[in-house]
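Asks: Dropping the structure in here first, questions after.
The values are calculated or read from the model by the stated rules, or taken from the named source; none is laboratory data. Because the structure is a prediction, the values reported are computed rather than measured. Heads up, the Cβs are rebuilt from the backbone with ideal geometry, glycines too, and the neighbour counts pull from every protein chain shown.
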Number of protein chains: 2
Amino acid sequence: MLTLYIGNRNYSSWSLRAWLLMRQAEIDFEERMVRFSDPEFAAKIARLGAPPRVPVLVDDGFVVWDSIAIAEYLAERFPQAGIWPAEQRWRARARSVCAEMHAGFAALRKAMPMNIEAHLPEVGASASAEVRRDIERLVTMWGELRSAHAGTGRFLFGSFCAADAFYAPVVSRLATYEVSVPAQIRDYLEAVMDLGAMREWCDAARAEHDFMPGEEHYRKAPD
Amino acid sequence: MLTLYIGNRNYSSWSLRAWLLMRQAEIDFEERMVRFSDPEFAAKIARLGAPPRVPVLVDDGFVVWDSIAIAEYLAERFPQAGIWPAEQRWRARARSVCAEMHAGFAALRKAMPMNIEAHLPEVGASASAEVRRDIERLVTMWGELRSAHAGTGRFLFGSFCAADAFYAPVVSRLATYEVSVPAQIRDYLEAVMDLGAMREWCDAARAEHDFMPGEEHYRKAPD
């Protein structure tokens, strides 16, 4: 049996990636939330044998950490689940864009952390040049991939795959911070936000009300 | 034919990862250096169709960026090259530790950037608590992996694999900044520094003399 350890739904973008991928791929798993506010957070994850971050996947006692390694583990364990595109070069490209997300978009991630229940258009309106460059890169990359797969579906590689799961928290950020994007990209954002599992995660995030003060400083801005 | 685009040997830790992996796996490739000081750096990489970072692998016109995606691409294209451990769970673990390197060890990377030709023990001696925590994590993880594979070789998973390539620049940092580690870990550092391809890279890095002022501020410290 697979168990996925996740953090707070409202903030934990990396948890969302693994969770959404598993749900969309129809892989059965049990879910355990370890709240960021839990003073035992690091100890609980360390007891699994992983560094103190979420998500962590445990498969019959074997621990897999980091969303990239979790995606590869699932692709090997469930080869028919469509974790990666079937064609070799598109699969490589999907891995490139996932890895780019994994270590990149630092300005965007810092200025616009995932915060599903919030609505902060003033932050989007005052984006720095670095953040705008990150957004331009997203628009270019998503646009190229969508154009290349226009005939086969609404996702980056036609059908939903790990690359969409990796960018889903960014899609959520663009909504939270009301970032305006070209029409082709708006359609992609809608496709992601309309996924059944994405709606379920976001609804639960909005119901969570477990606010982390450090993530909610924007709330004070309009006062 | 495969072409690997790399940055300056002295500084580009991500280039070293891909280059060392390919050399140790005995994969033929052509190498092209794009110097960080080249005003056309971003434009040259962009012309390949990749974001402006190294390494970039080009296979017969198809571009693969990011060292994680390059490792997976090589593993698919050269299944006998030993890019990942053969056993499924060790392969998963190797991916976890590579992904941990890819997005982690921020304090260590910031305080102790790769700088092969330098020798800066004073920086190692004054490491912050955050840097020491990163080093402790390395020592724990490397120690556990080495103990689990003690009978099969000197590397993290016995034989050399992508995980060793991913940590090779960290091994180089521990030498540059003269960080002291337990005996078991010293043996691992020696195994990595003794690799033929690692020696070749480091010799070329020391002969490079293409210094980036922003990376050389430590040189002023003892004045």
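Asks: Output the number of the condition that residue B:201 fails; it satisfies all remaining conditions of (1) over 23 Å from residue B:21 (Cα atoms); (2) within 18 Å of the chain's Cα centre (by Cα); (3) among the aromatic types (Phe, Trp, Tyr).
Replies: Looking at each condition in turn, residue B:201 falls short on (1).
Asks: Then there's this: Give the residues of the stretch B:76-94 that are over 14 Å from residue B:160 (Cβ atoms) and touching a residue at least 60 places away in the same chain (Cβ under 8 Å), sorted by residue number.
Replies: B:93
Asks: Same structure, new question: Provide a single number: the residues in the stretch A:103-126 that are within 13 Å of residue A:175 (Cβ to Cβ) and in contact with a His (Cβ under 9 Å, 6 or more places away or on another chain).
Replies: Adding up the residues that qualify gives 1.
Asks: Here's another thing I want to ask about it. Which condition number in (1) within 19 Å of the chain's Cα centre (by Cα); (2) touching a residue at least 40 places away in the same chain (Cβ under 8 Å); (3) surrounded by fewer than 23 Cβ atoms within 10 Å (Cβ to Cβ) is the one that residue B:168 fails?
Replies: (3)
Asks: In addition: Limited to the stretch A:21-37, what total is found for residues that are part of a loop (DSSP other than H, G, I, E, B), modelled with pLDDT of 95 or more and either touching a His at 6+ places or on another chain (Cβ under 9 Å) or loosely packed, with under 14 Cβ neighbours inside 10 Å (or both)?
Replies: Residues flagged as part of a loop (DSSP other than H, G, I, E, B), modelled with pLDDT of 95 or more and either touching a His at 6+ places or on another chain (Cβ under 9 Å) or loosely packed, with under 14 Cβ neighbours inside 10 Å (or both) within the stretch A:21-37 amount to 2.
Asks: On to the next question. If we scan the stretch A:130-148, do we find a residue that is in contact (Cβ under 8 Å) with a residue 60 or more places away in the chain and over 13 Å from the mean Cα position of the chain (by Cα)?
Replies: For the stretch A:130-148, residues in contact (Cβ under 8 Å) with a residue 60 or more places away in the chain and over 13 Å from the mean Cα position of the chain (by Cα): absent.
Asks: Which residue is farthest from the other protein chains (Cβ to nearest Cβ), if the candidates are limited to the stretch B:46-68 and must be of a type outside the set (Asp, Glu) and part of a loop (DSSP other than H, G, I, E, B)?
Replies: Checked the stretch B:46-68; the qualifying residue farthest from the other protein chains (Cβ to nearest Cβ) is B:54.
Asks: Based on what the data block shows, is residue A:85 outside any helix (DSSP H, G or I), more than 13 Å from chain B (Cβ to nearest Cβ) and either surrounded by fewer than 21 Cβ atoms within 10 Å (Cβ to Cβ) or at pLDDT 95 or above (or both)?
Replies: For residue A:85, the condition - outside any helix (DSSP H, G or I), more than 13 Å from chain B (Cβ to nearest Cβ) and either surrounded by fewer than 21 Cβ atoms within 10 Å (Cβ to Cβ) or at pLDDT 95 or above (or both) - is not met.
Asks: Return the residue satisfying two criteria in turn: it lies in the stretch B:71-82 and is buried (at least 18 other Cβ atoms within 10 Å of the Cβ) and within 7 Å of another protein chain (Cβ to nearest Cβ), and of such residues it is nearest to the chain's Cα centre (by Cα).
Replies: B:72
Asks: As an exercise: evaluate residue B:105 against (1) in the same structural domain as residue B:142 (by TED's automatic domain parsing); (2) surrounded by fewer than 20 Cβ atoms within 10 Å (Cβ to Cβ); (3) aromatic (Phe, Trp, Tyr) and give the number of the one condition it does not meet.
Replies: (2)
Asks: Inspect all residues belonging to the stretch B:46-65 and state whether any of them is surrounded by 20 or more Cβ atoms within 10 Å (Cβ to Cβ) and among the aromatic types (Phe, Trp, Tyr).
Replies: Within the stretch B:46-65, one or more residues are surrounded by 20 or more Cβ atoms within 10 Å (Cβ to Cβ) and among the aromatic types (Phe, Trp, Tyr).
Asks: Let me ask something else about it. Name the residues in the stretch B:88-122 that are closer than 21 Å to residue B:7 by Cα, within 12 Å of chain A (Cβ to nearest Cβ) and of a type in the set (D, E, K, R), would you?
Replies: B:109
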